[in-house]
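Enquirer: Have a look at this one before I ask anything.
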Amino acid sequence: MPTYEFEARDATGQEIRDVIETTSEEEALATIRQMGYFVTRIQVKKGSAARGAVTGKKKRSFAIGKVRSKQLTTFTRQLSILQDAGLPILRSLRILEGQCRPGRLKNTLMDVADEIEQGATLSEAMSKSPKVFNRLYVNMIKAGEAGGALEAILQRLADFMERAESLKRKVRGALIYPIVVILVAVAILTGIMLFIVPVFRDMFEEFELDLPQMTKLLIAMSYGVANYWFLIPIAPIGVWLSIKLLRKFRHGRLGWDIFILRVPVIGKLIEKNIMARTTRTLGTLVSAGVPILECLTITRETAGNAVFERMYGKVIEAIREGETISGPMQEHSRLGFHPVAMMIWMVVCGVPFSLICFAPDLLQMGAGAAGAAALLGGLFYFSKIRSRVVDDLVVNMVDVGEETGELDTMLYKVADTFDEEVRTLTDGLMALLEPIMIVFLGVSVGFIVIALFLPLISLITNLSSGAS
């Protein structure tokens, strides 16, 4: 008959450690509960029984990639339900492990269950798989174990992850439509440049027409597409790789993140999304009883944006010096000047106009237009360096939460407010994109038609004059 070591708390919250000898873990739990204790941890006492349980390790399947957030969210919800039903943590993990498809999560659950069988706590076992369970997850579990309310913490964590997953799906869904429309528009315009414009160009050269600037520009664009068509798929990949490389460096990452936060519409959407996620993360950790410095450190690591990471870093330094959260948050939330961000704005604004330089006789006009656009991009950036990523609503709510001792409640309210604003912005962006795409296609086609018909009108006029 195996002997079980257990840790529990009595009605007054005092910690109890003892051993009990029963035929199964379920019987041990039932006996301990009848004694009036709340079990926080139970394991087979190390010895022959424990060694016998560990010898039959299951074979791990080959797995590549990482655990999807949706899969981890589902696991967390299921684990919270099993814990709320009163099942032992080890049995809950074995049940969920059996339900999982072969992959990284199943292998991880096997490892976690084996660690618990050998005497580790749930948080200690999960901390050994950082690629699946991040610091936020592990610290929440650790706080639940310390407070004897693991099932409540799991429910809170599942709610948090489900909200984050819902918001992520909303934003991703909003991006599908414009991406598809842009790809179709690029394909149509590329076809026109490759097959239609060259026919007109040959005709104009045959009649030796004096072409207007608009037509020269169109022919130059057609020439560029025909001779450098391979850049159309390569350019987006090159831009993506350049951004990835830029973000490898600390100043490059900060400059890019400052730039992206001030892109019209999209920047505001990203800013509110990060604000909703970070305040909900911080509120969830505070409500779980995690120390405030650890809460802020985890929140900084999960921000995903260098501007917010810098701000939370300054808040951590201020907290160590005995200050509140709201003051440093307001003071250090300004974007400020960054040379990399200004350079990105100038390049993004100037490069489209520099494409005019494909036409040798339009080189001067293209260089001038690119320079003017780059200058305007730099001026736009300068107009935004005093703006803040944390508005007065957040600062005031955090201040009230600190004064009343209800910081977690106020942070939840801030997160709910920004979640709603993200949904409103996303819906507004979806409604705005359709007319923008129609206008873009209309202007593009209108430009092509006018540029081609102006020389035709001149040709018809000349032919009519010659015939008369």
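Enquirer: Farthest toward the dipole's positive end in segment 60-133, which of Cys100, Ser80, Leu90, given Cβ charges of +1 (Lys, Arg) and -1 (Asp, Glu) about the Cα centre?
Expert: Of Cys100, Ser80, Leu90, it is Cys100.
Enquirer: May I ask which of Lys106/Lys314; Lys128/Lys268; Lys248/Lys272 have a Cα-Cα span longer than 32 Å here?
Expert: In this structure, Lys106/Lys314; Lys128/Lys268 lie more than 32 Å apart at Cα.
Enquirer: Quick check on my link table: of Lys131/Lys168; Lys66/Lys413; Lys216/Lys244, which ones sit more than 29 Å apart, alpha carbon to alpha carbon?
Expert: Details: Lys131/Lys168 20 Å; Lys66/Lys413 32 Å; Lys216/Lys244 37 Å.
Distance filter (> 29 Å) returns Lys66/Lys413; Lys216/Lys244.
Enquirer: Ok, one more. Please give the helix 213-227 orientation as an angle from the longest Cα principal axis of the chain, in degrees from 0 to 90, rounded to the nearest 10.
Expert: For helix 213-227, the angle is close to 50 degrees.
Enquirer: While we're on this one: About the Cα centre, and with charges only on the beta carbon of Lys, Arg (+1) and Asp, Glu (-1), how big is the dipole of segment 60-133? Nearest 20 debye, please. Mind dumping the intermediate values first?
Expert: Numbers: 12 positive and 7 negative charges, 103 e Å.
Approximately 500 debye in magnitude.
Enquirer: Let me ask you something else. Would you mind counting up the charge near Ala125? Only other residues with Cβ under 12 Å from its Cβ, with Lys and Arg at +1 and Asp and Glu at -1.
Expert: Working: positive: Arg41, Lys128, Lys142; negative: Asp111, Asp114, Glu115, Glu117, Glu124, Glu145.
Taking every Cβ under 12 Å from that of Ala125, the sum is -3.
Enquirer: Taking Cα atoms of the chain, Rg/Rh with Kirkwood Rh, to two decimals? All intermediate terms of the calculation are to be shown ahead of the outcome.
Expert: Values: Rg = 31.1 Å, Rh = 27.2 Å.
Radius of gyration over Kirkwood radius for the chain works out to 1.14.
Enquirer: Largest first and in whole Å, give the semi-axes of segment 60-133's equivalent ellipsoid, each being the square root of 5 times a Cα gyration tensor eigenvalue. Let's see the in-between values first.
Expert: Working: eigenvalues 65, 44, 25 Å².
Each semi-axis is the square root of five times an eigenvalue, giving 18, 15, 11 Å.
Enquirer: Separate question: What dipole magnitude, in Debye to the nearest 20, does segment 246-326 give about its Cα centre under +1 on Lys/Arg Cβ and -1 on Asp/Glu Cβ?
Expert: Values: 13 positive and 8 negative charges, 87 e Å.
That gives a dipole near 420 debye.
Enquirer: Could you put Ile266, Ile219, Ile460, Ile260 in order, starting from the residue whose Cβ has the fewest other Cβ atoms within 10 Å? Intermediate results must be reported in sequence, preceding the final value.
Expert: Details: Ile266 14, Ile219 24, Ile460 11, Ile260 17.
Listed from fewest to most nearby Cβ atoms, that is Ile460, Ile266, Ile260, Ile219.
Enquirer: Right, something else. For Val67, Val449, Val422, what ranking results if the residue with the fewest other Cβ atoms within 10 Å of its Cβ goes first? Please report the intermediate quantities before stating the final value.
Expert: Values: Val67 19, Val449 10, Val422 24.
Ascending number of Cβ neighbours within 10 Å: Val449, Val67, Val422.
Enquirer: Here is a further query. Kirkwood Rh over Cα pairs of segment 390-431 into Stokes-Einstein at 4 °C, 1.567 mPa s: D in µm²/s? Provide the component values of the computation, followed by the final result.
Expert: Numbers: Rh = 11.0 Å.
The diffusion coefficient I find is 117 µm²/s.
Enquirer: Quote to one decimal, in nm, the extra length available between Glu162 and Leu432 on full extension: 0.36 nm per residue of separation minus the C-alpha distance between them.
Expert: Numbers: separation 270, 0.36 × 270 = 97.20 nm, distance 2.79 nm.
The span from Glu162 to Leu432 would gain 94.4 nm if fully extended.
Enquirer: Counting Lys and Arg as +1 and Asp and Glu as -1, each charge on the Cβ, what is the dipole of the chain about the Cα centre in debye, to the nearest 20? Walk me through the intermediate numbers first.
Expert: Working: 52 positive and 49 negative charges, 268 e Å.
In total the dipole reaches around 1280 debye.
Enquirer: Hull surface divided by four, with the convex hull built on the Cα atoms of segment 111-165: how many nm²?
Expert: Values: hull surface 15.4 nm².
With every direction weighted equally, the projected area is 3.8 nm².
Enquirer: Need one word for segment 253-317: rounded, prolate or oblate. Basis is the Cα gyration tensor (sqrt eigenvalues a ≥ b ≥ c); a/c below 1.5 gives rounded, then a/b vs b/c decides.
Expert: Since a/c reaches 1.5 but b/c is at least a/b, the shape of segment 253-317 is classed as oblate.
Every number in this text was worked out from the coordinates using simple rules, so none of it is lab data. As the structure is a computational prediction, the values presented were derived from the model and not from experiment. Here Cβ is always computed from backbone atoms with ideal geometry, including for glycine, and neighbour counts include all displayed protein chains.
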